[in-house]
Amino acid sequence: MTMQAVTDIDVLALAVRDRESRRLIEEAVTAYRGGALRSAIMSVWIAIVHDVFSKARELAGQGDAASISFVGKLDTAIEHKNIVQMQTLERELLDTAKDNLQLVTPHEYETLRRIQEDRHLCAHPAFITEDELFQPSPDLVRSHLVHALQCLLIHAPLQGKSALNRFKADVLSPSFPSTEEGIRTFVSAKYLNRSKDALVANLIKVLLKGPFLEGEEELLKKKRQLAWTLSEVAAKKTRIFEDVARPFVGQFFDGVDDGRLLSICTFIGAESQLWGWLSEPVKLRIVRLIEECAIEDLKEHLVFDAFSIPEMADTLLAKFTSFQQDERIQLLSDNPSREFVPFGIDIYSRAGSPREADRLGQTVVLPLARHFDADDIARLVDAVLGNSQISYASGTADVLVEVFKLTASALPASRGYWQRFVDEMTAQHGGKTDMPYSYPSIRAKLEAA
């Protein structure tokens, strides 16, 4: 037994979710270190039994039907002190974990079953002769410890269909995060950090397939959140994502009808490598649909999310420029892409009244502001200085303060543009820095930065 081997086991043990399961596996590790190898195997099995019971109760609390049934039988046996029934539940435990609770895969089932068999040899020595007394080796015990941890104990109860059903319920619930950052945190913590490869593979298929199936209109409405989730899976589980998504995408989307196909734009915008995995006929269909579809379809399918795909950029830009200004405003408000920034600033610069300037500030400038760089801020400042309908609109100061906040990362390069703006506006008011249209709020931000 090497020091590294013990360290590896200790690290895995720290990842066990359930406190009692962790205590039990630590007892097994202590026995292993002390040379009590039979006791160690028995403690490993006890930890497995307790962990399955614990996970079943957690799943039952989440409404999983199979878990509710199993926990009901367990509690009844305990309440009535039905030893025979409790022995039956323990004897069939691994079958239940594989077939009903879906906590382990068939391969993991076989691995854990060997631990169960060796536990019986340790617990019932009277059934074998003295010459055949079971003598487990340290390597065997260490293997059982590691397998118990890796196959079951360190994982959240998120395997199989029940996990996928819970993910769907999460996505459709009002509390599901609506931002990329929120989704990254939520999905990683609940579904990726301790999930098995089989679950991740199935989750990828659900994310790609679900919104495009008949009867899944509710999922289709959540396509942007699903796309961001898929991107997080691709980042955290890259190998599995490529192994599963590449062949799946190439086959599945050939059969998606025109009425739903455009919604893939949101997914390829979030995870650009999907575009390369589509078949050429599907790519041609997508481009043709974009060329022909009405503005309502562009908005519904969030088509401009795919601006990041070079092969689609020209088609999307041509479609955007074919619309009148009011329609352009609708599109860039719904899809505030970097590619729309020059158009947005140009629209804003031509505001014909203070009221229109206030409206465009909210519907055009602020949605695009996160994509501004220093040069864009220079153009924005020029637009405000060059149009008194904007510079003297009551809401412009609030808009510019928000732009200042959203573009803080560009400040070293953009400071001169902001300074020129407040200096010129102050000069228009006799050098008085406290006048409302001298923009003292921007000056204060500059001085504080």
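The values are calculated or read from the model by the stated rules, or taken from the named source; none is laboratory data. These numbers were taken from a predicted model, which means no experiment stands behind them. Note that we place each Cβ from the backbone using ideal geometry, even for glycine, and neighbour counts take in every protein chain shown. Just the protein is used for accessible areas: all its heavy atoms, side chains included, with ligands, DNA and RNA removed. Shrake-Rupley method; radii C 1.70, N 1.55, O 1.52, S 1.80 Å.
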* Asked: When you scan the range 148-258 for helices (runs of 4 or more DSSP H) that lie fully inside it, which ones turn up with 1 or more residues that are more than 27 Å from L298 (Cβ to Cβ)?
  -> 160-172, 180-187, 197-209, 223-236, 238-252
* Asked: Is it the case that Q135 is outside any helix (DSSP H, G or I), closer than 23 Å to E26 by Cα and modelled with pLDDT under 95?
  -> yes
* Asked: Just a yes or no: is a residue in the range 405-422 open to solvent by 30 Å² or more (accessible area, probe 1.4 Å) and more than 41 Å from the chain's Cα centre (by Cα)?
  -> yes
* Structure fact -> Here the qualifying pairs (Cβ atoms under 6 Å; residues six or more apart or on different chains; first in the range 361-377 and over 18 Å from I329 (Cα atoms); second open to solvent by 40 Å² or more (accessible area, probe 1.4 Å)) come out as A374/A413; I377/Y417
* Structure fact -> Checked the range 207-233 for anything buried (at least 19 other Cβ atoms within 10 Å of the Cβ) and among the hydrophobic types (A, V, I, L, M, F, W, C); matches are L207, L208, F212, L219, L226, A227, W228, L230, V233
* Going by the structure shown, is S438 within 21 Å of D375 (Cβ to Cβ) and of a type in the set (S, T, Y)? -> no
* Members of the range 54-79 found to be under 21 Å from A156 (Cβ atoms), open to solvent by less than 20 Å² (accessible area, probe 1.4 Å) and not aromatic (F, W, Y), listed by number -> K55, A56, L59, S67, V71, L74
* **Candidates I46, I41 - the one that is surrounded by fewer than 19 Cβ atoms within 10 Å (Cβ to Cβ) and more than 34 Å from the chain's Cα centre (by Cα)** => I46
* Structure fact -> The one condition R338 fails out of (1) touching a residue at least 24 places away in the same chain (Cβ under 8 Å); (2) buried (at least 20 other Cβ atoms within 10 Å of the Cβ); (3) within 22 Å of D375 (Cβ to Cβ) is (2)
* Asked: So which residues in the range 189-199 are buried (at least 18 other Cβ atoms within 10 Å of the Cβ) and modelled with pLDDT of 85 or more?
  -> L192
* To do: State which residue pairs qualify: first residue farther than 17 Å from Q330 by Cα and inside the range 286-308, second residue part of a helix (DSSP H, G or I) and among the charged types (D, E, K, R) in any location, beta carbons under 9 Å apart, and separation of 6 or more residues or different chains.
  => V287/E311; L289/D258; L289/D297; E291/K319; S308/R338; S308/E339
* Would you be able to say whether some residue in the range 321-335 is hydroxyl-bearing (S, T, Y) and either open to solvent by less than 10 Å² (accessible area, probe 1.4 Å) or free of Cβ contacts under 8 Å to residues at least 24 places away in the same chain (or both)? => yes
* Conditions (1) open to solvent by less than 40 Å² (accessible area, probe 1.4 Å); (2) at pLDDT below 95; (3) of a type in the set (S, T, Y); (4) within 23 Å of S333 (Cβ to Cβ): number failed by T426 -> (4)
* Hey, among the residues in the range 1-16 that are assigned to a helix (DSSP H, G or I) and not hydrophobic (A, V, I, L, M, F, W, C), which one's modelled with the lowest pLDDT? -> Q4
* Test for E20: is it acidic (D, E) and open to solvent by 70 Å² or more (accessible area, probe 1.4 Å) -> no
* Asked: If we scan the range 279-297, do we find a residue that is under 25 Å from the mean Cα position of the chain (by Cα) and either open to solvent by less than 40 Å² (accessible area, probe 1.4 Å) or at pLDDT below 90 (or both)?
  -> no
* Structure fact -> For F212, the lone unmet condition from (1) at pLDDT 90 or above; (2) farther than 25 Å from R17 by Cβ; (3) of a type in the set (A, V, I, L, M, F, W, C) is (1)
